[in-house]
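One structure is given below, encoded as structure tokens.
Here, each number is a calculation from the coordinates, and none is a lab measurement. From a predicted model like this one, the values you see are computed outputs, not experimental measurements. FYI the Cβ positions are ideal-geometry reconstructions off the backbone, even for glycines, and counts take in every protein chain you see.
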Amino acid sequence: MKETMTAAFLPGDSTVEMRTVTVPTPGHGEVLLRVKASTICGSDIRCIYHEHLGKGPEGYQGVIAGHEPCGQIVAEGPGCRRFKTGDRVIVYHISGCGVCNDCRRGYMISCTSQKYRRAYGWQRDGGMAEYMIAEEKDLIALPDELTYADGAQVACGFGTVYEGLEKIGINGNHAVLITGLGPVGLATGALCRKLGAIKIIGIDVVSERMKIAMDLGLCDAVLASGPDNVEEVKKLTGGFGVERAVDCSANNLARATAVRATRKWGKVVFLGEGGTVELNPSPDLIHDQKTLYGSWVTSTWLMEELVERLVRWNLHPADIITHRFPLERAADAYALMSSGKCGKVAVCQDEELS
Ligand SMILES: NC(=O)c1ccc[n+]([C@@H]2O[C@H](COP(=O)([O-])OP(=O)(O)OC[C@H]3O[C@@H](n4cnc5c(N)ncnc54)[C@H](O)[C@@H]3O)[C@@H](O)[C@H]2O)c1
Ligand SMILES: [Zn+2]
Ligand SMILES: [Zn+2]
């Protein structure tokens, strides 16, 4: 085993700093992973890369970046109960205390322990390195049929979307509107297809992203963001609007469009984080009997269910990755993701790079 490794840090001025650090040794209940794929999330750009804006759970504490890691165990600390060297695993990206009510439900994302809740790539070292330490309780087994790049997508994006779609329920009765076609919006299209949605309409402002959504067959129609979006969506749905809408943009106008372009009795989920929205509760929600959900990441058990479904559906989340970079070019990877002119961007090693 090497003694030192390369790792990426985000100083907060739209740059990436590569440092040489010691390869850590796993403690009790921990494993050391050879990171194979580590993808970049919109949250990394919004809260860390440009400026350290995040607070609380989104506060970056100067650790190794990357909260979407997937890799292979190369060493175990004492006390591991299930996973062992050689296992292929996804890291659920928030390590909770394990004993609060939220953790016991599997939602370590909302762990209430100030002392023990630490997210990988935010408050504890993440996946933008050759190796990383993870706690065994945070691991999800990666099925043989899925690649490490597939797994990295599950760690945050696909897991988040699966949770949101479970809340609103998607089936063959539904036309779905997706506002924001970044990686989270693209994942929404991919999962809605497999869940049987009959028509998928996407909206974005970046033409590259609109094109990726159509080229990958994840949307049946895409619209450029604008003031007529509600009418345009209604025109595409027999005058009624969609049964289900998912906001993946965090934009105030797009959020309002998602709600207003949803028909009576419809359901909407907000996944995009930060920002604001202005709604008029009576016409926008109450009189049309609509339900609006918020959804934050997912649970460990739903993530396990998702990887099982991905195999059953032969759905490969890595298909929405448009660019792969070696670790030493992590700076280029973050800059590209920040430009928005891409699908998902991944930093990869070993077999995931060739
Ligand atoms: N709820 C959760 O648990 C959770 C988990 C992961 C990510 N997120 C959030 O989900 C969002 C999407 O993540 P991502 O990685 O795809 O980020 P992203 O920034 O790449 O995607 C956002 C997309 O919205 C588009 N957009 C901006 N304004 C728009 C408008 N007016 N109309 C339509 N589209 C518009 C952008 O062009 C972009 O393509 C981010 O806010 C991220 O922080 C939430
Ligand atoms: Zn994320
Ligand atoms: Zn907890």
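Structure above, values below:
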quantity	calculated
Residues of segment 167-225 that turn out to be in a loop (DSSP other than H, G, I, E, B) and closer than 18 Å to residue 265 by Cβ, as a count	8
Qualifying residue in segment 10-19 (condition: aliphatic (A, V, I, L, M) and under 20 Å from the mean Cα position of the chain (by Cα))	yes
Matching residues, segment 57-100, being out of contact with any helix residue (DSSP H, G or I) (no Cβ under 6 Å at 6 or more places or on another chain) and among the acidic types (Asp, Glu)	76, 87
Residue check, residue 255 basic (Lys, Arg) and touching a Ser or Thr at 6+ places or on another chain (Cβ under 9 Å)	yes
Inter-residue pairs, beta-carbon under 7 Å, first polar (S, T, N, Q) and in segment 79-98, second more than 16 Å from ligand 2 (Cβ to nearest atom), 6+ apart	85/73; 85/74; 85/75; 85/76; 95/135
Filter result (within 15 Å of ligand 2 (Cβ to nearest atom) and not in a loop (DSSP other than H, G, I, E, B)) within segment 55-76	57, 58, 69, 70
Residues of segment 241-274 classified as within 16 Å of ligand 2 (Cβ to nearest atom) and outside any strand (DSSP E or B), total	7
Where a residue in segment 39-54 is away from ligand 2 (no atom under 12 Å from the Cβ) and its partner, wherever it lies, is of a type in the set (Phe, Trp, Tyr), with Cβ under 7 Å and at least six apart	49/334; 52/60
Residue ID - surrounded by the fewest Cβ atoms within 10 Å (Cβ to Cβ), chosen from residues in segment 303-354 that are among the hydrophobic types (A, V, I, L, M, F, W, C) and without any contact (Cβ under 8 Å) to a residue 40 or more places away in the chain	353
